[in-house]
Amino acid sequence: MNNATAVEALAVAVSAGVPVLLWGSPGTGKTSAVVALAEGLDWPVEVVIGSIREPSDFAGLPVVIDGAVHLAPPRWAQRLCAAERGLLFLDELTTAPPAVQAAMLRVILERVVGDVTLPAGIRIVAAANPPEQAADGWELAPPLANRLVHLDWPVEAKTVARGLAVGFPTPVLLGLDERPSPARTSTARAAVAAFLEVRPALVLQVPASSAVASRGWPSPRSWEAVARLLAGCEAGRASEDARALLVTGAVGDGPGLEFLSWLEHADLPDPDAVLADPDSFELPERSDRAFAVLTAVVAVAVSYGDVASWDAAWRVVARAARGAPDVATLVARTLATHRPEGAELPAAVLELAPVLRAAGLLR
Amino acid sequence: MTVSWHRADELPPHLRQRWAAARVWAAHQAPYLATAVLALQPLVVRVDAGAGPDLRGFPADQAWHVYLDPDVLAAAEPQQIGFWLLHQVTHLLRRHGDRFPCGGSAAGGAPLESRTPEQRRWNLAGDAEINDDLRAGELTLPEEAVSPARLGLPDGWTAEQYWDVLPDGPADAGPSGSRASRGDGPPVPPADGPPVPPVDCGSGCDGQSRPWDCGRPGLSALSQRLLSRDVADRIREHQKRRGDVPAGWQRWSDDILTPVVNWRRQLAAAVRHGVADVAGRVDFTYRRPSRRAAAVPDIVLPSLRQPLPQVAMVLDTSGSMSDDMLAQALGEVSGVLRSLGLGRRNLRVICCDAKAYGQQRILDARDVRLLGGGGTDMGAGLAAAAELRPRPDLAIVLTDGHTPWPRRAPDGIRVVVGLMDADGRTPEWATTVLVDTGQAGTPR
C-alpha cells in the first residue's frame, strides 16, 4: 500500500460522506493532507484538536439562562453551520481523555454539537496516533471505532523525497459532483446483502480484545458504510486497491478480505448454469480464474454424483482443454477418480494424455 | 538491446505443450500452490540482436509476470521448468521483493545491467529459504539451484538469517566461490564441469527492476493478498487431509491466517483500563463544582480529578513458572504503571506459590525478590492482597493458570490476569490477557 492509495481512499470516503479516521505517526502530514483537500475544494476547514479540548467544546458549554441550561455551541461549530459545505477535522482522537472522546463520539455519529446540528454538507475526518506511539494514548472505545473507516497513513521515503523537492500532491476528490445514482447505491447494497446472506456469522462480531477493538469491526452499521463506500468507489472510478483499503478499514481485515474475495468471484459463471449448458461455456482468460471455475464445476458435478452431470462436466473440461490443456488436466484428475457407476470414460480423456505424458505423470 | 514481449499463445505448439506440462507437473508436486502457479502470467521475451538476458530461472516480477526465453524453454525438461515455477511463486508469496534489506535506495531507478553484490547475496539467501521447503517433496533440485546444504548452512532458516551469515558480495563465481571463502562445510561442486553461475530470480526476488521487466500492470495488490490467503487456506486443508506439507509452508500459512496479536499492547491496554476503571482518570467531572466557576456564575464548568488507585501485583512463583517469562511480563506491567504515575506508595507486590509471601513495595521491576517455588494456589495470593491496608483497588496476577481460583472476585477489587500458558485456566470474573513471551523470539 502506498501513500497515493491512502489519499485516494480518503477522497472517496469524504465524497461518500463516511467519517474516516487516519492512523499515523506524528509528523507524517495527515493534517496537511486534509487541509490541502479542503483548500483544493475551496471549502472551510475547522481543525479541532481533541487532546487540548474539554468535553464542553463538543457537547456545548452549559449556560444558565432564565433558570434553564442551554448548551452553547463553540465558535467552530457555528462557523461550520453557517457554511453549506466544509470539513471538520478532529485531530488527536486517541490522546483525548475518555470524557472528551465520548463527547466527540456524538459529533461523529449524530453530527450534533451542543444545541445545533451540523449541515449534511459537512464531512468529518479524524486522525490519531497509534497507542504504542502516543505515550498518553487511550485505546479507542469499540462503539466509536465502529463508526469510522480506519485508514493507515503510510510513510514512504520516495513520496517524502519527491514531496520536499516538488511539493506534496494535493488530494483530488473523486466523484463528488457525481453523486452515486440510486441504481448504483442499490447495486452496492444488494452485493453486501447477498454476501451477508452467505456468511451470516459476519454480520456482527463484537471484538473480544481491546487492542483489536480500536480498529474497524463488522456490525450492521459498518456493513452499511461498506455499501456507501462501494457506491462511492464506483462513482469516482477509484482503483481496486483504494476500494480494498476502504472495505478492510470499515469492517476489519478478516471480514473485509473475505467480502472482497467473494466480490472477485461473484462475476465468475455459476457452475449449475455451466453444467446445464456446457456447449456455450466460455473459459475465462486468466488461468487462475479458469481453474476456479472448472474446480467449482467439477465439485458440483461430483456432488450430484449422477451420470448426466458427470458427462456434462466432461464436455466442459473438453472445451477448456482446447484453450488451456494444463488447467483442464488438473481438474480432469478429480473428475476421473469420481466416476459414477455405469458411466463410460469419454474420448476427451485421450486429448489430455500428451500433457500428462510430457509431465511424466502418465504411467 | 531492445526487448519485446509476446503472449504465450504465440509459441510454437511443442513449446506450448512443454509449458502446459510444466504447470501440470508443478501443480501435481504441490497441489496447494496450484492456484498461485496458474496466476503467474507468462510473457515470452525476445531480443532483436545480440545475446538475450539470462532467463534460466524463469524470473518473475512483483506483478506476477513470469518471463520466458524460448531457447531456455526448449532446452529444459518440464520437471525443471515446474521446479522454477514453484520456486518463483514462493519468492512472490513470501514477499522477498519487499523484504530485501538494501531495498529502497535504488528503488524506482533505471534497471542495472548487472546485479549488485547485495542483490546476489539476497538472491542466494532467499533461494536457500525456499529450496529446503521445495526439496521436502520428492523433488530433486536442478544443479544450478542453491540449497542450504550447498551453502554449508542448516535447513529451516529465514532468508534474513541466511543473509546475515552469508559473506558480503559473493563473487560472480557464485555459491561455490563463497563456500570456499567461508571454509566450513564440505564443498559440493556441481556434478560435472565448471561451477554454474548463480541464477537471477528477477525483480520478484529483490524488488529492483530488471532490463526485461515489462512494467505493465499485472496482478493487483488486492488480488495478490487474496491469492495469499487462498493459498494459505489450501495449505491448511491439505495438511489436514494428507499431512505432508513442509514445515516452512505451514509456518507461512499460520502467519497469514492468524496474525500475531502483540501481547505487550494487550497487557498494557488491560492494565491501563483496569487502573482507569477503578480510579477515574485525568478526566472531567460535573460532580464537584469547578474552582473557576466563581468567576463566571452563569456557566457550569467541569472540574478535573485524578485519584490514584492502589495496585497489588500477585506473582505466581511456583515451580512451573520460569523466571525469565515472569521478568518480561513484570517489566511490561511496571512500565505501564509507571507511565500512569503510580509510584512506590501505590504499588505492592506479593509473591505466591501455595502460600502468599509478605508484601514488597517496589520502585522498579528489577527490585522484586522472587520468593517461593513450590505448588500453586493463586487464591492465597488474592486473599493476601485483599488484606493489605490500604486496600488495593486493582490486582494484577501474573500466572500460568495451573492453579485453583476462588469462586468470586475479592470484594471491591478488579482483577487483571496475565496468563503465561495458553492451556491455563482463568476465572470469568477477571480480565485475561494471554502473554506469549516466546513469540517475540521467533523471526518471521
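Annotation note: Cβ proximity below 8 Å between a residue of the range A:148-176 that is more than 30 Å from A:Trp223 (Cβ to Cβ) and in a loop (DSSP other than H, G, I, E, B) and a residue that is modelled with pLDDT of 75 or more and of a type in the set (A, V, I, L, M) (sequence gap 6+ or interchain) occurs for A:Phe168/A:Ala33; A:Phe168/A:Ala36; A:Pro169/A:Ala4; A:Pro169/A:Val7; A:Thr170/A:Ala36; A:Thr170/A:Leu37. If I ask for residues that are at negative phi and part of a loop (DSSP other than H, G, I, E, B), which ones from the range A:331-347 would you list? A:His338, A:Arg339, A:Pro340, A:Glu341, A:Ala343, A:Glu344, A:Leu345, A:Pro346, A:Ala347 - these are the residues of the range A:331-347 that are at negative phi and part of a loop (DSSP other than H, G, I, E, B). Screening the range A:282-300 for residues that are free of Cβ contacts under 8 Å to residues at least 40 places away in the same chain, open to solvent by less than 30 Å² (accessible area, probe 1.4 Å) and among the hydrophobic types (A, V, I, L, M, F, W, C) and picking the one that is farthest from the other protein chains (Cβ to nearest Cβ) gives A:Val297. Taking (1) within 32 Å of the chain's Cα centre (by Cα); (2) open to solvent by less than 40 Å² (accessible area, probe 1.4 Å); (3) in contact (Cβ under 8 Å) with a residue 24 or more places away in the chain in turn, B:Leu38 satisfies each apart from (3).
For first residues located in the range B:360-379 and modelled with pLDDT of 75 or more, partners that are assigned to a helix (DSSP H, G or I) and surrounded by fewer than 17 Cβ atoms within 10 Å (Cβ to Cβ) and lie 6+ apart or on another chain with Cβ distances below 8 Å form the pairs B:Gln360/B:Asp367; B:Arg361/B:Arg344; B:Arg361/B:Arg345; B:Leu370/B:Asp323.
In this structure, B:Leu134 does satisfy being within 28 Å of the chain's Cα centre (by Cα), crowded, with 21+ Cβ neighbours inside 10 Å and modelled with pLDDT under 80. Assess whether A:Leu345 counts as being open to solvent by 50 Å² or more (accessible area, probe 1.4 Å), among the aliphatic types (A, V, I, L, M), away from every other protein chain (no Cβ under 11 Å) and more than 20 Å from B:His28 (Cα to Cα). The answer is yes for A:Leu345. Check whether at least one residue in the range A:103-111 is open to solvent by less than 50 Å² (accessible area, probe 1.4 Å), in a loop (DSSP other than H, G, I, E, B) and within 14 Å of another protein chain (Cβ to nearest Cβ), and report yes or no. Within the range A:103-111, none of the residues are open to solvent by less than 50 Å² (accessible area, probe 1.4 Å), in a loop (DSSP other than H, G, I, E, B) and within 14 Å of another protein chain (Cβ to nearest Cβ). The single condition from (1) farther than 30 Å from B:Val435 by Cβ; (2) touching a Phe, Trp or Tyr at 6+ places or on another chain (Cβ under 9 Å); (3) among the charged types (D, E, K, R); (4) at pLDDT 85 or above that A:Arg189 fails is (2). For the range A:285-298, a tally of residues being more than 11 Å from A:Leu275 (Cα to Cα) and part of a helix (DSSP H, G or I) returns 8. Within the range B:46-98, being under 11 Å from B:Cys201 (Cα atoms) and surrounded by fewer than 22 Cβ atoms within 10 Å (Cβ to Cβ) holds for B:Asp54, B:Arg56. Filtering the range A:57-70 to residues that are in contact (Cβ under 8 Å) with a residue 24 or more places away in the chain and open to solvent by less than 60 Å² (accessible area, probe 1.4 Å) leaves A:Asp57, A:Phe58, A:Ala59, A:Gly60, A:Leu61.
The condition (being in contact with a strand residue (DSSP E or B) (Cβ under 9 Å, 6 or more places away or on another chain) and modelled with pLDDT under 90) is satisfied by just one residue among A:Ser209, A:Ser239, A:Ser222: A:Ser209.
Cβ-Cβ under 9 Å, sequence separation 6+ or interchain: first residue in the range A:118-141 and assigned to a strand (DSSP E or B) and of a type outside the set (D, E, K, R), partner surrounded by 14 or more Cβ atoms within 10 Å (Cβ to Cβ) and modelled with pLDDT under 65. Which pairs? Listed by first residue and then by second, the contacts come to A:Ala128/A:Ala134; A:Ala128/A:Gly137. Restricting attention to the range A:1-50, the residues being among the aliphatic types (A, V, I, L, M), in a helix (DSSP H, G or I) and away from every other protein chain (no Cβ under 14 Å) number 14.
Sub-6 Å Cβ pairs linking a first residue in the range B:327-346 that is over 18 Å from B:Leu419 (Cα atoms) to a second residue that is assigned to a helix (DSSP H, G or I), at least 6 apart or interchain, are B:Leu340/B:Val275, ordered by first then second residue. Scanning the range A:235-281 for residues that are touching a helix residue (DSSP H, G or I) at 6+ places or on another chain (Cβ under 7 Å), within 14 Å of chain B (Cβ to nearest Cβ) and not in a helix (DSSP H, G or I) yields A:Ala238, A:Ser239, A:Leu268. Within the range A:315-330, can one find any residue that is within 10 Å of chain B (Cβ to nearest Cβ) and in a loop (DSSP other than H, G, I, E, B)? Yes, the range A:315-330 contains at least one residue that is within 10 Å of chain B (Cβ to nearest Cβ) and in a loop (DSSP other than H, G, I, E, B).
Yes/no per residue for (1) touching a helix residue (DSSP H, G or I) at 6+ places or on another chain (Cβ under 7 Å); (2) more than 14 Å from chain A (Cβ to nearest Cβ):
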{"site": "B:Arg7", "(1), (2)": "no, no"}
{"site": "B:Gly57", "(1), (2)": "yes, yes"}
{"site": "B:Gly82", "(1), (2)": "yes, no"}
{"site": "B:Leu92", "(1), (2)": "yes, no"}
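The set of residues in the range A:15-30 being among the β-branched types (Val, Ile, Thr) and farther than 21 Å from A:Arg147 by Cβ consists of A:Thr28 alone.
The values are calculated or read from the model by the stated rules, or taken from the named source; none is laboratory data. Being a predicted model, the structure only gives us computed values, none of them experimental. Please note: Cβ atoms are built from the backbone with ideal geometry, for glycine as well, and neighbour counts cover all protein chains shown. Heavy atoms of the whole protein, side chains included, go into the accessibility calculation; ligands, DNA and RNA do not. Shrake-Rupley method; radii C 1.70, N 1.55, O 1.52, S 1.80 Å.
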